[in-house]
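This report concerns only the one structure given below.
The values are calculated or read from the model by the stated rules, or taken from the named source; none is laboratory data. Model, not experiment: these values are computed from the prediction. When we count neighbours, we look across all protein chains shown, and the Cβ atoms used for this are built from the backbone with ideal geometry, even at glycine. Each accessible area value is taken on the protein alone, full model and side chains, heavy atoms only, with ligands, DNA and RNA left out. Shrake-Rupley method; radii C 1.70, N 1.55, O 1.52, S 1.80 Å.
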Amino acid sequence: TASATWTGFNPLKGPGLGALAVLWVVARIGYLAGGITAFYIALAAETLFFGIAAICLLRVTIKGKSRRNQGLPLLTLGLGVANLL
C-alpha cells in the first residue's frame, strides 16, 4: 500500500487487499502448524502473495508513470522466486 504514495494510485483496496492479506495469514499459519501438507499450503499461499503483489505493483507503477519505482515489482517477484527455491 506504500506504493500509493509514490504513484498516486492505490494498488489494492477492499476485497482485493483483504484476499492478499488472507494469503499472507494462511502462509504464516501454515509455517507455524508444521507438517508437510501445511508447509506446501503455506508455500503456495506465500508464492501467490508475492506474485499478486508484484503484478499489482507493476500495474500502478506503469499507470502512475513512476519509472524510478518500476524495479520494485521485479524485486517483489524475486522474493517469490527465492521463496520457491
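Residues in the range 20-51 that are open to solvent by 30 Å² or more (accessible area, probe 1.4 Å) and either on the phi > 0 side of the Ramachandran plot or in contact with a helix residue (DSSP H, G or I) (Cβ under 6 Å, 6 or more places away or on another chain) (or both): L23, W24, V26, Y31, G34, G35, I41, T47, L48, F49, F50. Look at (1) among the aliphatic types (A, V, I, L, M); (2) open to solvent by 90 Å² or more (accessible area, probe 1.4 Å); (3) touching a residue at least 60 places away in the same chain (Cβ under 8 Å) and you find that L72 fails only one, number (2). Screening the range 45-85 for residues that are assigned to a helix (DSSP H, G or I) and charged (D, E, K, R) and picking the one that is nearest to V25 (Cα to Cα) gives E46.
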